Amino acid sequence: MGGVEDDEPASKRMKLSSGELRGLSNGSAFTEPIAGSSRDLMARPLPSEGDEEVIGPKGVIKRVEFVRIIAKALYSLGYNKSGAHLEEESGIPLQSSVVNLFMQQILDGNWDESVATLPNIGLLDESVIKSASFLILEQKFFEFLDGEKVMDALKTLRTEISPLCINNNRVHELSSCLVSPSHCGFVGSPRRDIVRAKSRSKLLEDLQKLLPPTIMIPERRLEHLVEQALILQREACTFHNSSDKDMSLYTDHHCGRDQIPSRTLQILKDHTDEVWFLKFSHNGKYLASSSNDLSAIIWEVDANGGVTLKHKLSGHQKSVSCVSWSSDDHQLLTCGVEEAVRRWDVSSGDCLHVYEKVGVGLVSCSWHPNGKWIFSGVNDKSICMWELDGKELECWKGQRTLKISDLEVTSNGKLIISMCKESAILLLDREERVERFIEEDQTITSFSLSRDNRFLLVNLLNQEIHLWNIEGDIKLVAQYKGHKRTRFVIRSCFGGLEQAFIASGSEDSQVYLWHRGSCELIGALSGHSGAVNCVSWNPTNPHMLASGSDDRTIRIWGLKDLNAKRKDGQSNGIHYCNGGNLKPKA
């Protein structure tokens with residue numbers, strides 16, 4: 001028979017029904033044979049491709065393939081009787097009788113017979129036959145070792161596996177197992193019969209991945225097709241901004257405009273001058289803002305989405321141009337215009353340290369993800385890295401940054417991103433000391449890094465926003481138009497579910513929104529009475545957006561159908577209202 005001898009009683013040997021064979025490679029438990037199984041039908045050959053009829057309104061679904069995939073899904077779900085009945089009623093077997101024989105030979109450990117059966121199951125590619133034979137004989141080799149039959153394992157390796165002349169590295173690994181069998185994993189394991197059964201079913205799974213899908217349908221094929229259809233519907237849905245759990249198989253997926261933040265829920269009025277910068281914390285529980293009034297504010301977001309003032313941070317002698325959250329959201333950096341960087345404790349609002357350089361001013365700030373170092377752009381065009389106590393660790397001199405520039409550090413701490421020229425952005429690999437550049441034809445005013453570190457959103461002087469892929473070869477992938485920018489620095493951001501949207505401020509007092517993938521302008525939010533300088537989308541709440549304006553206010557935007565009206569019109573500098581609206585694109 002070519003199999004490995006068993007020490008166990010005959011009653012413990014496996015003989016599975018056709019239904020069990022179908023569910024086996026799915027990791028399902030071994031069960032008793034099913035009464036009335038359709039094993040007799042398995043001898044019936046699969047219909048040839050020319051005989052297949054099509055179903056469905058478009059006429060693109062082959063009936064035989066459709067039925068076989070449904071049967072496979074039923075067996076995978078454990079509905080063995082239903083799968084067998086489907087095969088019987090349709091007359092379409094899931095697998096041919098030869099494939100069933102092959103699977104049973106694998107489970108019984110009849111290795112020589114299973115290798116001999118391989119060419120008969122419909123395999124035409126000699127390389128696939130060799131690769132499948134290698135997997136089978138490898139299992140035979142291991143079971144000999146498991147039974148402490150080292151000479152039989154050696155013979156299998158020398159006379160059966162090596163002559164296949166493939167996968168030489170694996171052959172060397174198997175040779176090492178002969179020298180030290182204990183390194184092979186299961187020698188001497190308890191309940192050897194269970195270990196052997198599991199390893200044989202795993203072998204079937206590996207063979208299934210190797211063999212053509214027409215012979216053995218891949219696991220979870222129906223689930224894969226359905227998921228693929230749902231994902232395509234989601235990607236085609238312009239306004240998709242809700243959890244995937246809300247998607248249903250009963251209807252085609254389509255989100256309405258009501259999934260996009262379009263209603264002013266709050267107006268925050270604690271700044272006394274233009275609001276220049278906004279940033280939600282990573283956990284979405286705080287919002288930081290900076291202003292021309294020389295201050296920054298930490299706002300707290302409650303469980304219901306209400307925003308209240310937590311700390312007003314004073315101490316800068318010049319306008320505060322930007323802020324940066326530590327990776328754990330416990331600390332905040334603020335940077336004055338060509339002045340100093342201050343580090344604050346979010347819980348207490350205390351200033352923990354002031355970072356300065358004699359004779360120069362700092363223009364930007366960012367955290368290293370380890371929380372132990374900070375980075376700052378300097379108005380002498382260099383970028384410096386500091387320890388928390390103020391000790392300067394490193395300084396990259398030369399044309400590294402501008403007096404007006406954003407500064408980003410990727411979440412692995414490897415890449416420093418800064419505007420190095422009016423029309424160029426530097427991507428500095430601080431470990432490899434390699435520089436790459438994004439070069440634009442227009443003056444760059446600001447940029448924003450995506451959460452996955454793969455994309456950079458670049459605002460330009462010519463009223464365009466460009467999306468660059470910075471992973472691998474740098475390439476321009478999208479452009480967004482429609483907002484207004486003539487004089488001021490206007491900032492944009494990624495946002496929404498899986499950052500599927502782009503938001504930007506505008507000098508016409510509106511917030512503009514685009515679908516990131518299609519570049520479609522999906523609307524503009526009106527309500528501010530001055531230029532909108534900055535926007536920030538809550539990373540944990542896709543329905544919450546903030547905007548800061550020259551009108552000295554911050555607006556919190558939410559869904560239109562959210563009941564946000566409060567009895568108290570104003571509280572602690574916060575005005576609650578129902579104003580603002582989403583204007584569809586022209």
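Only the coordinates and a few stated rules stand behind these numbers; no lab work does. Please read these numbers as outputs of a predicted model, since none were measured by experiment. Don't worry about glycine lacking a Cβ; one is built from the backbone with ideal geometry, like all the others, and counts go over all protein chains shown.
Using a 10 Å cut-off on Cβ atoms, rank the peptides 428-435, 295-302, 383-390 from the highest mean neighbour count down.
In descending order of packing, they fall as 295-302, 383-390, 428-435.
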(request) Any chance you could run the full-extension gain for Arg63 through Asp429? It's 0.36 nm times the residue separation minus the Cα-Cα distance, nm to one decimal. (result) 126.3 nm
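In a shell of Cβ-Cβ distance under 11 Å around Ile404, excluding Ile404 itself, what net charge do Lys and Arg (+1) and Asp and Glu (-1) give?
Once positives and negatives cancel, what remains is -2.
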(request) Could you sort out which of Lys397/Lys475; Lys318/Lys391; Lys279/Lys310; Lys318/Lys381 sit more than 21 Å apart by Cα distance in this structure? (result) Lys397/Lys475; Lys318/Lys391
(request) Just tell me which aspartates and glutamates come within less than 17 Å, Cα to Cα, of Lys481; anything on the same chain fewer than 8 places away is out. (result) Glu440, Asp441, Glu464, Glu507, Asp508, Glu520
(message) Tell me the relative contact order for segment 299-371 as a rounded percent, counting alpha carbon contacts under 8 Å between residues six or more apart.
(response) 27 percent
(request) Please give, to one decimal in nm, the separation of the simple spin-label points placed at Val358 and Asp258, each 7 Å out from Cα toward the Cβ. (result) 6.5 nm
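About the Cα centre, and with charges only on the beta carbon of Lys, Arg (+1) and Asp, Glu (-1), how big is the dipole of segment 97-156? Nearest 20 debye, please.
100 debye
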